[in-house]
Each structure stands twice: as C-alpha cells, then as structure tokens.
C-alpha cells in the first residue's frame with residue numbers, strides 16, 4: 001500500500017511541477033490550438049501538448065516504483081514483466097501518433113490503423129484479451145476468433161472514446177482520473193499490485209494535470225494524452241475482466257467483473273455509442289467532428305464548463321457505486337445476476353441521457369418561443 005501511495009504522489013508531483021514549463025515551451029514554439037472552427041468551445045489559443053507530461057509522469061512513477069520482488073512465483077514475474085514491456089512498446093506507438101496529430105494533424109484512417117496495430121500486438125502477442133462474457137446474457141466462453149475480434153473492437157472503441165470526450169475543460173482528465181481510481185481500488189482488493197500501481201500512476205498524473213486543465217484551462221492534453229489514457233484504461237479493464245475469480249474474496253466474487261469495468265468507463269462509452277449512432281443515421285463518417293456530444297448538450301443548456309464536468313463526474317461515480325451495489329443481485333445460485341447487474345447500470349445511464357436530452361429540448365422550446373415573440 002505504501003508503494004502505491006508513492007506511485008500516486010510521484011506522478012502527481014512530476015506533472016504538477018513540470019506542466020508550467022511545458023506551457024511556456026508550447027507558447028514559445030506556437031504549439032497551440034486556435035479557436036478556428038465553429039464547433040470549438042474555447043475562445044483563445046491554448047497549448048495542446050499536455051499529453052506529453054501525462055505520459056512522462058505516468059511512466060516515470062510506474063517504472064520507478066515497479067517492484068517484481070512482490071511477485072511470489074516465477075511464472076507470474078515473467079508474465080508481469082512481459083506485459084509491462086508490451087504496454088510500454090504499444091503506448092509509444094499511440095503517443096507519437098498523438099503528438100503528430102497535435103502538432104501537424106493526422107488523417108483519421110492513419111490513426112485507426114495505429115489503433116488496430118496496437119490492439120493486434122496486445123491481443124495476439126500479449127494475450128491481453130477478453131475470453132468470454134462471464135455470465136452476461138448466459139454466455140461464458142466464446143471461440144478464440146470471437147475473443148480476438150471482440151478484444152480488438154474493445155481497444156479501438158475505448159481508446160477513441162476518451163479522445164472523443166476531450167471537448168470540455170477538465171472532462172477527459174477528470175473522467176480518466178475517476179476510472180483509474182476505480183480500477184486501482186479493485187486491483188488492491190484483488191492483490192494485483194502491478195496493475196494497481198499503473199492505475200494510480202495514471203491517476204496521479206491526471207490529477208496533477210487537472211489543476212491546469214480545469215476551467216479555465218491553461219493547457220489541453222491533446223491526442224497524445226487522450227489516446228494514452230484510453231489505451232492504459234482499456235488494458236486495465238480487460239485485465240480486470242479476465243482476473244481469476246478464485247483469487248477474489250467473497251464480496252468481489254458477487255460483483256460482475258464486466259459490469260464493474262463497463263461502469264468505470266460508462267460515460268465515454270455511452271457518449272461514443274450515442275455519437276456514432278447519430279452520425280451513422282445521418283450518413284456521416286463516425287470520425288467526423290461535430291457538436292452532438294453530451295457535454296455539448298449540457299453547455300447548450302447554459303451550464304458552465306465547471307458545472308458540466310461536475311455533473312458528468314457525479315454521474316460517473318454514481319454508476320460505479322451502482323455496479324458495487326449489484327452485489328445484492330448476484331449469488332452463486334443466481335445465474336442471471338450479471339445480466340441483471342448490466343441492465344441496472346444501463347438503466348441508470350439511460351436515465352441520465354434522458355435527463356440531458358430533456359433539458360436540451362426544454363431550452364430549445366424556450367428559445368423558439370422567445371424568437372417567435374419578437
């Protein structure tokens with residue numbers, strides 16, 4: 001536990017004290033995002049390479065305090081080191097793709113290709129993949145080809161989901177911080193300390209960055225940050241889902257692992273699914289930028305950046321709490337427990353979505369009545 005505190009504090013301090021210097025360099029080198037498009041919310045030029053310090057702080061803290069001596073068996077040590085090497089190697093691919101996109105731009109097709117390459121390495125070489133649905137809809141194991149396809153699809157969706165929600169000051173960093181804390185706590189109870197360390201290293205880096213990224217933002221994380229967050233969080237989610245149930249205590253055994261992982265990623269997944277469906281219905285590419293995100297709808301309801309992200313933070317925490325409360329749905333004799341748990345979490349998410357849409361429709365009605373009266 002003491003090591004995990006050191007990991008968190010190290011990443012936090014590195015980012016906290018390095019970000020001001022990065023902001024100065026970005027301004028001097030004109031590595032900034034100007035509000036040149038109508039869909040952009042900010043009204044001034046802001047540095048966009050914050051992901052560099054998030055990545056550096058996370059890797060520094062994780063590598064500094066990474067301790068394989070805590071592992072008892074040689075095979076576990078070998079597996080841990082192998083996964084560590086693959087995570088670093090693949091994250092470097094996404095990091096440089098993100099940096100290039102932040103500075104000169106990258107075509108969506110090229111970014112998608114990088115996502116698939118990273119997913120193939122992690123799934124086929126690292127064997128970090130989803131092997132089944134673990135009781136959801138009565139399905140346990142799935143064929144190997146189905147496992148590979150589902151895992152690659154999951155990587156692409158989760159990585160892009162954090163990229164897509166990075167549209168309001170403090171949103172992606174705050175949601176990422178909450179997700180990492182949820183995963184970190186789960187891995188502590190599972191005694192899976194290497195992944196708990198990764199969770200809290202990223203959480204500490206994001207909290208330090210959030211001080212400068214919260215409204216009014218002094219720096220954006222850019223793709224170099226959002227892609228890295230999405231990849232690390234996706235790896236943690238898959239490792240959580242595939243963690244041997246025999247090594248969990250009685251409480252966590254009765255909480256569906258897939259439902260908990262989905263809950264920790266509820267907002268980015270829900271927003272991404274919603275936006276992709278809307279764009280598909282309009283005959284547009286799912287990667288075309290627009291103002292159909294949930295945070296845009298909240299801003300259109302005259303909520304400030306701060307209120308918008310706080311609403312989404314609260315929603316994210318409630319979803320995780322709801323997944324923990326599904327303990328009462330699950331028992332060894334209840335085969336439908338995971339399905340009921342997922343439906344309960346999805347219902348809460350749907351209520352939140354209905355709330356946002358209802359607020360936005362009321363705002364539009366008021367605007368139309370105001371315009372007709374003039």
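Since every read-out is calculated from the coordinates, none of them should be taken as a lab result. What you see is a predicted model, and the numbers here were worked out from it, not measured in a lab. Methodologically, a virtual Cβ is constructed for each residue, glycine included, from the backbone with ideal geometry; neighbour enumeration extends over all protein chains shown.
Listed highest first by mean packing, meaning other Cβ atoms within 10 Å per residue, what order do 100-111, 244-255 come in? Provide the component values of the computation, followed by the final result.
Details: 100-111: 14.6, 244-255: 12.7.
Descending mean neighbour count gives 100-111, 244-255.
Find the percent of Cα-Cα distances in the chain that exceed 41 Å, and round it to a whole number. Intermediate results must be reported in sequence, preceding the final value.
Working: 7661 of 69751 pairs.
The share of Cα pairs beyond 41 Å in the chain comes to 11 percent.
Which FRET efficiency, nearest 0.05, do residue 116 and residue 251 yield, Cβ-Cβ r, R0 45 Å? Numbers along the way, then the final one.
Details: r = 38 Å, r/R0 = 0.84.
Efficiency, rounded to the nearest 0.05: 0.75.
How high is the relative contact order of the chain? Use alpha-carbon pairs under 8 Å, at least six apart in sequence, and give a whole percent. Before the final figure, lay out each step's value.
Working: 527 pairs, mean separation 82.5, N = 374.
Answer for the chain is 22 percent.
Quote to one decimal, in nm, the extra length available between residue 314 and residue 144 on full extension: 0.36 nm per residue of separation minus the C-alpha distance between them. Please report the intermediate quantities before stating the final value.
Working: separation 170, 0.36 × 170 = 61.20 nm, distance 3.77 nm.
So the extension gain works out to 57.4 nm.
Return the whole-Å distance between the Cα centroid of the stretch 155-212 and the Cα centroid of the stretch 342-360.
23
When the chain is fully extended, how far beyond the present Cα-Cα distance does residue 88 get from residue 137, taking 0.36 nm per residue of separation?
Numbers: separation 49, 0.36 × 49 = 17.64 nm, distance 3.49 nm.
Stretched out fully, the residue 88 to residue 137 stretch lengthens by 14.2 nm.
Mean projection of the alpha-carbon convex hull of the stretch 268-333 over all orientations, in nm²? Let's see the in-between values first.
Numbers: hull surface 26.2 nm².
Mean projected area of the Cα convex hull: 6.6 nm².
Over the Cα atoms of the stretch 55-201, what Rg and Dmax result, in angstrom?
Rg, Dmax (Cα atoms, Å): 16.6, 48.
Pulled fully out, how much extra length does the chain show between residue 282 and residue 29, if you take 0.36 nm times their separation in residues and subtract their Cα-Cα distance? Before the final figure, lay out each step's value.
Details: separation 253, 0.36 × 253 = 91.08 nm, distance 3.92 nm.
Contour length minus the Cα-Cα distance gives 87.2 nm.
Determine the shape class of the stretch 103-168: with a ≥ b ≥ c the square roots of the Cα gyration tensor eigenvalues, call it rounded for a/c under 1.5, and otherwise prolate if a/b is greater than b/c, oblate otherwise.
On the way: a/c = 3.37, a/b = 1.78, b/c = 1.90.
Oblate shape, in that a/c is at least 1.5 and b/c is the bigger or equal ratio.
Could you work out the per residue convex hull volume over the alpha carbons of the stretch 141-236, in cubic angstrom? Provide the component values of the computation, followed by the final result.
On the way: hull volume 9.0 nm³, N = 96.
Given the Cα convex hull of the stretch 141-236, per-residue volume reads 93 Å³.
For the peptides 8-21, 300-313, what is the packing order when you average, over each peptide's residues, the other Cβ atoms within 10 Å and list the highest mean first? Numbers along the way, then the final one.
Numbers: 8-21: 19.2, 300-313: 17.3.
Per-residue Cβ counts within 10 Å, averaged per peptide and sorted highest first, yield 8-21, 300-313.
Anyone know which of 22, 178, 265 comes out most mobile in the 10 Å Cα GNM of the chain?
Of 22, 178, 265, the most mobile in the Gaussian network model is 22.
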